[in-house]
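Student: This is the structure, below, for whatever I ask next.
The values are calculated or read from the model by the stated rules, or taken from the named source; none is laboratory data. On a predicted model such as this, the values are computed, not experimentally measured, just so you know. Reconstructed Cβ throughout: ideal geometry from the backbone, glycine too, with neighbour counts over all protein chains shown. Each accessible area value is taken on the protein alone, full model and side chains, heavy atoms only, with ligands, DNA and RNA left out. Shrake-Rupley method; radii C 1.70, N 1.55, O 1.52, S 1.80 Å.
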Amino acid sequence: QVQLVESGGGLVQAGGSLRLSCVASGRTFSNYAMGWFRQAPGMEREFVAAISWSVRTYYADSVKGRFTISRDNAKNTVYLQMNTLKPEDTAVYYCAAARLLTGGGKEASSYDYWGQGTQVTVSS
C-alpha cells in the first residue's frame, strides 16, 4: 500500500502561482511513477503531468510551458509548480502513483494509488 497526501492548494488570482506537494508513504517511493490529475465540477478527471522513476516528464498540452512536475525521492515527495494560472485551471488536483507507467501516464487507469485531492481555485 502507498498512502498519498496532497497539500498546497488554495485561492489565487489569474496569472499567479501555486506549488502543490504530494507526500508518499508505505512503499519505496523511488520505484513508482507519479502523476497529477485534476477534476473540475461536472467534468471528468483529466491528466495534468507525470514523472517516471527515471525522471522523464510528460505534460498535458493545456499546461505545457506553465506547469512543472518534479520529485524528491529523499523526501518521498512529488511537486507540481503551477505558474501563469488561468481560471480554467480551477479544479481538485489529485496525486497518483503507478508501479508501471504506460502511455506517458495519461490514463488514470494506469495508476494504482490516489490521494484525496487538494482544491485549486483561480479567480479572474
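Student: In the stretch 85-121, which residue that is open to solvent by 40 Å² or more (accessible area, probe 1.4 Å) and of a type in the set (V, I, T) is farthest from G10 (Cα to Cα)?
Tutor: T102
Student: Would you confirm, using the coordinates I've provided, whether A14 is surrounded by fewer than 18 Cβ atoms within 10 Å (Cβ to Cβ), in contact with a Pro (Cβ under 7 Å, 6 or more places away or on another chain) and at pLDDT 95 or above?
Tutor: Values: surrounded by fewer than 18 Cβ atoms within 10 Å (Cβ to Cβ): yes; in contact with a Pro (Cβ under 7 Å, 6 or more places away or on another chain): yes; at pLDDT 95 or above: yes.
The answer is yes for A14.
Student: Okay, next question. Quick check: anything in the stretch 38-50 modelled with pLDDT under 95, closer than 14 Å to S110 by Cα and either of a type in the set (S, T, Y) or open to solvent by less than 80 Å² (accessible area, probe 1.4 Å) (or both)?
Tutor: No, the stretch 38-50 contains no residue that is modelled with pLDDT under 95, closer than 14 Å to S110 by Cα and either of a type in the set (S, T, Y) or open to solvent by less than 80 Å² (accessible area, probe 1.4 Å) (or both).
Student: To continue, here is another question. Tell me, please, whether a residue that is closer than 16 Å to Y111 by Cβ, touching a residue at least 40 places away in the same chain (Cβ under 8 Å) and open to solvent by 20 Å² or more (accessible area, probe 1.4 Å) can be found in the stretch 74-84. If you could, list the steps in order and put the result at the bottom.
Tutor: The initial filter retains those residues of the stretch 74-84 that are closer than 16 Å to Y111 by Cβ, namely 78, 80.
Narrowing the set further to residues that are touching a residue at least 40 places away in the same chain (Cβ under 8 Å) leaves 78, 80.
Among the residues that remain, those that are also open to solvent by 20 Å² or more (accessible area, probe 1.4 Å) are: none.
For the stretch 74-84, residues closer than 16 Å to Y111 by Cβ, touching a residue at least 40 places away in the same chain (Cβ under 8 Å) and open to solvent by 20 Å² or more (accessible area, probe 1.4 Å): absent.
Student: Given the criteria surrounded by fewer than 19 Cβ atoms within 10 Å (Cβ to Cβ) and among the hydroxyl-bearing types (S, T, Y), does S124 qualify? Before the answer, list the steps.
Tutor: On the way: surrounded by fewer than 19 Cβ atoms within 10 Å (Cβ to Cβ): yes; among the hydroxyl-bearing types (S, T, Y): yes.
Against the criterion (surrounded by fewer than 19 Cβ atoms within 10 Å (Cβ to Cβ) and among the hydroxyl-bearing types (S, T, Y)), S124 qualifies.
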